[in-house]
2 protein chains.
Amino acid sequence: MNTAPTPAPGDDEPRWLTPEEQHVWRSYIEAATLLEDHLDRQLQRDAGMPHVYYGLLVKLSEAPRRRLRMTELARSAKITRSRLSHAVARLEKNGWVRREDCPSDKRGQFAVLTDEGREVLRRTAPGHVAAVRQAVFDRLTPGQQQALGEIMRIVAEGLQPGEAGADLPWLR
Amino acid sequence: MNTAPTPAPGDDEPRWLTPEEQHVWRSYIEAATLLEDHLDRQLQRDAGMPHVYYGLLVKLSEAPRRRLRMTELARSAKITRSRLSHAVARLEKNGWVRREDCPSDKRGQFAVLTDEGREVLRRTAPGHVAAVRQAVFDRLTPGQQQALGEIMRIVAEGLQPGEAGADLPWLR
DNA sequence: AGCTTCTTCTTGAAGGTTAAACAAGTTAGG
DNA sequence: CCTAACTTGTTTAACCTTCAAGAAGAAGCT
């Protein structure tokens, strides 16, 4: 986000992005912004919820008894527990998720996908997949798709462990 | 986001993502989420503003007289005018941006980067570039960097023109 | 047991985003 | 001109996210 003045030696001059790197980075930011907006809008319109919430329902739908502990769900969706707490509160009000106490750990809560939640998913998944396809997969060659997967896997990996943060030990 | 039941012929059965596509897509979502969170946190901590706001200052810093019409800035940052309006209000309160009337179009407003805003940028840019490098560029081969740029350019392109949306004819 | 520490989840407030509606100004067509 | 249609930018309220703090239970240590 800046032009390189001079790469001085033994100096703490920041290593600015090269013009090529800048282009890559800007393309990334633009596409990521547009894509997330696009999907948020698509889902808000067709399913009445933002993309992240939809992702939560998907995770639950794939879990063993369609239930997951809050912390596990948060971790798997890459969001903070706080955010999840608010999200589940909303989804619960919609009747798509229900909370259940964990028998083995009285602090614990399960988020459980309700039948109604399943139904919403069943009804809206096709449209969502279509949107994803149209925005991403239909435009990329198999090679690019594979490359994208690898690249993003690498980036995600580098961001996962982190030292320790306020609310989220695993999220930096 | 679902398992393929059967690709029936001449049927409107949705084309679910293949397992490979699902992996790619999940990696993308995870990395994008983690990355945006990471950068948001980095900038919130070091610059006192979210990543998008930082991007606005950068755009302004590169514009001719360090000023851009609201609509142009919004378009270039890929956000809605409404969002920009709020953002500029906040940046103005921080003294980093100032609004100025457009002489040729009485409806128009320029967002102008103040000296103070420039200073914030100067002070925080190194740290931000370092974060981006560490999270992305340092982990990818030159080939992957190039591939990422191409891929994201394609995706962004497909999302740009669109038919016409409520507030944003160009977004969607 | 008793004490400290960690983990789980929630809360409340502050801030950011969205959607819809609007005022004001500009443009295009007759 | 004059009106209809469009643009620009803002506003409001509803919603979502973050941050810091905290209640409650579990785990570990002596």
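Quick notes on this structure:
- Neighbours by Cβ (under 6 Å, 6+ apart or cross-chain): first from segment A:105-121, over 19 Å from A:Ser82 (Cβ atoms) and within 14 Å of chain B (Cβ to nearest Cβ); second part of a loop (DSSP other than H, G, I, E, B) and more than 16 Å from DNA strand D (Cβ to nearest atom): A:Leu113/A:Arg66
- Apart from one condition, B:Leu43 fits all of (1) without any contact (Cβ under 8 Å) to a residue 40 or more places away in the chain; (2) within 30 Å of A:Gln160 (Cα to Cα); (3) within 11 Å of DNA strand D (Cβ to nearest atom); (4) among the hydrophobic types (A, V, I, L, M, F, W, C); the exception is (1).
- Lone qualifier among A:Val58, A:Val24 - being surrounded by fewer than 21 Cβ atoms within 10 Å (Cβ to Cβ), modelled with pLDDT of 95 or more and of a type in the set (A, V, I, L, M, F, W, C): A:Val58
- One residue stands out among those in segment B:62-74 that are within 11 Å of DNA strand D (Cβ to nearest atom) and surrounded by fewer than 18 Cβ atoms within 10 Å (Cβ to Cβ): the one that is nearest to the other protein chains (Cβ to nearest Cβ), which is B:Glu72.
The values are calculated or read from the model by the stated rules, or taken from the named source; none is laboratory data. Predicted model only: the values in this text are computed from it and were never measured. Here the Cβ is made from the backbone with ideal geometry for all residues, glycine too, and neighbour counts use every protein chain on show.
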